[in-house]
1. Can you check how the C-alpha radius of gyration of the stretch 19-131 compares to 2.2 N^0.38 Å, as a plain ratio?
2. Counting only DSSP beta bridges with both residues in the chain, tell me the antiparallel percent, nearest 5.
3. With θ set to phi - 60°, apply the Karplus curve 6.51 cos²θ - 1.76 cosθ + 1.60 along the stretch 51-56 and write out the HN-Hα couplings as whole Hz, x wherever there is a Gly or Pro.
4. Output ³J(HN,Hα) for the stretch 80-88: one whole-Hz value per residue in order, computed from phi by the Karplus curve 6.51 cos²θ - 1.76 cosθ + 1.60 with θ = phi - 60°, and x for Gly and Pro.
5. Taking springs between alpha-carbon atoms closer than 10 angstrom, which of His117, His16, His102 fluctuates most in the Gaussian network model of the chain?
6. About the Cα centre of the chain, how large is the charge dipole given +1 on each Lys and Arg Cβ and -1 on each Asp and Glu Cβ? Please answer in debye to the nearest 20.
7. If you place +1 on the Cβ of every Lys and Arg and -1 on the Cβ of every Asp and Glu, how big does the dipole about the Cα centre of the stretch 1-88 come out, in debye to the nearest 20?
8. Helix 19-33: angle to the longest alpha-carbon principal axis of the chain, degrees 0 to 90, nearest 10?
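Bear in mind these aren't lab numbers, they're just calculated from the coordinates by the rules spelled out. Please read all numbers here as calculations on a predicted model, not as lab measurements. All Cβ positions, even for glycine, are placed from backbone atoms using ideal geometry, and neighbour counts span all protein chains on display.
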Amino acid sequence: MEIGTRRVHVLGVTEHPTGPWAAQQARNLMIELGDRAQGFRFLIRDRDTKFTATFDEAFTAAGIRILKSPPRAPRANAFAERWIGGLRRELLDRLLIVNARHLRRVPAAYETHFNEHQPHRSLSQAVPLRALSDPVEGDIKVIRRDRLGGLIHEYVQVA
């Protein structure tokens, strides 16, 4: 999660994450970020053993400093903990995952919803990938779009 913009990146889903898998996900993220990676100063991560030196090198090569959260301190990475909690409460606790493909689609759909439709107080009710639109005067029609079989509702104004 990019703290300044609240943008979330879901890097991958696997049943058994390993060090090499996590390092590859880090390299994929750096490729996806491209020139935007220069704007990042820190990466906050926990002390899990799958975050190897190779994982850290993907970020330190771009000048990003690695900060490890203290042991047993979930508040040290509160932004990520909140996002994961929301994913669990809003989707995973209400949905039966049927296979690996389904498990990859659900977090990806939630990532899209979070980045493109869910307003954030810290962004003055804007969403991470879109600025807050100007208020519309007059008759306004609101359209509801259901995502993930109706578990998530997205509302759009139409003038």
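1. Taking the Cα Rg and dividing by 2.2 N^0.38 Å, one obtains 1.19.
2. Expressed as a percentage, antiparallel bridges in the chain total about 70.
3. 8, 8, 4, 5, 4, 5
4. Values, residue by residue: 5, 4, 5, 5, 5, x, x, 4, 5 Hz.
5. Per the Cα network of the chain with a 10 Å cutoff, His16 tops the list.
6. 420 debye
7. 380 debye
8. Helix 19-33 sits at roughly 50 degrees to that axis.
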